[in-house]
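Contents: one structure, followed by commentary.
Derivation of every value follows stated rules applied to the coordinates shown; laboratory data play no part. Since the model is a prediction, treat every value here as computed from it, not as a measurement. With ideal geometry, Cβ positions are generated from the backbone for all residues, glycine too; neighbour counts draw on all protein chains shown.
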């Protein structure tokens, strides 16, 4: 193997061995480099905190199968050493939060990517659009239309490919003839949810599928939470379209706020419980009220005073 292949193999191994987020492992890799870190992890010659994050014994043959499966799918493992594709600027907020003590926001050690675009290109002017899996007609229609209008204006719409609002937003962006990015809680070779198999295939052809998990990996409760922090962290801002008070999308919203990203929410009818989560975010001052693509773009250019870090300066 070439030197770059050795590094990629090491990072693929580490992603398998310590399911993300794995803050101790991330620090260990930063200190020793991925190849030495992988060798020491295999020999169990690493700090206790790292050992506690190791969940699986991973043979080299499994890593070889992961890389071969990605190649079969036309996908790749993008790593920090890929200087022309790794989205370092987008990942900085996660790295800063993790260094500041928010361990669950550890940055990724690598990202499995499937699609024709460079990952770094689709993190510029990127907005996460999220919401309930059981939307009303109002929420589904508005999510699709706003995503369409944002995509037409050059904004990259990201979401989680879930049923409901996520799917509507991906579809709206694709209808504009623009790429969209789906961040998955499972492997990029796993059509999940099954009802979105055709949508996921189209996103892989026209946009990007992104995951921290090996191509054949199944989703689980922890992987959804990990995915949410990645979705919020890689985008400039998050928009909650329609959400119940217990909606999983509020996890993404909370993460965006903790990362000091601009958070927006679209209001719904005051009689609709499906918008209670959005109304709570607005009422508590956590989210800016927006009702259109134009208002979202205006907020991006001039975020509220409590969300005006240097990472939000939009040209």
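Numbers for the structure displayed
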item	result
C-alpha long axis of helix 249-258 to longest principal axis of the chain, angle in °	80
Two-decimal log10 I(q)/I(0) for the range 76-177, as the Debye equation yields it once each C-alpha is a single scatterer, q = 0.15, 0.20, 0.23 Å⁻¹	-0.73, -1.04, -1.14
Sequence ranges 224-236, 78-90, ranked by mean other-Cβ count within 10 angstrom, highest first	224-236, 78-90
Spatial separation of Cα centroids for the range 240-258 and the range 13-83, in angstrom	30
Kirkwood hydrodynamic radius (C-alpha pairs) into Stokes-Einstein, the range 1-138, 37 °C and 0.692 mPa s, D in µm²/s	201
Dmax and Rg, reported as Rg then Dmax, of the range 120-312 (C-alpha, Å)	15.0, 43
Taking the chain and dividing mean pair separation by its residue count, relative contact order in percent (alpha carbons under 8 Å, at least six apart)	15
Tilt relative to the chain, helix 88-99 - C-alpha long axis, 0 to 90 degrees, to 10	80
Degrees, to the nearest 10: 221-234 long Cα axis against longest axis of the chain	70
Solution diffusion estimate, µm²/s, Stokes-Einstein, the range 1-72, Kirkwood Rh from C-alpha pairs, 4 °C, viscosity 1.567 mPa s	106
CD proxy at 222 nm, helix term only [per DSSP H run n ≥ 4: -39500 (n - 2.57); per residue of the chain; nearest 500]	-13500 deg cm²/dmol
The range 91-143 pair-distance distribution - Cα-Cα, 5 Å bins, rounded %	4, 14, 14, 15, 17, 17, 13, 4, 0
Rounded to 5, the percent of DSSP beta bridges in the chain classed as antiparallel	25
For the chain, built as a Gaussian network whose Cα springs stay under 10 Å, the top-fluctuating residue of 166, 286, 198	198
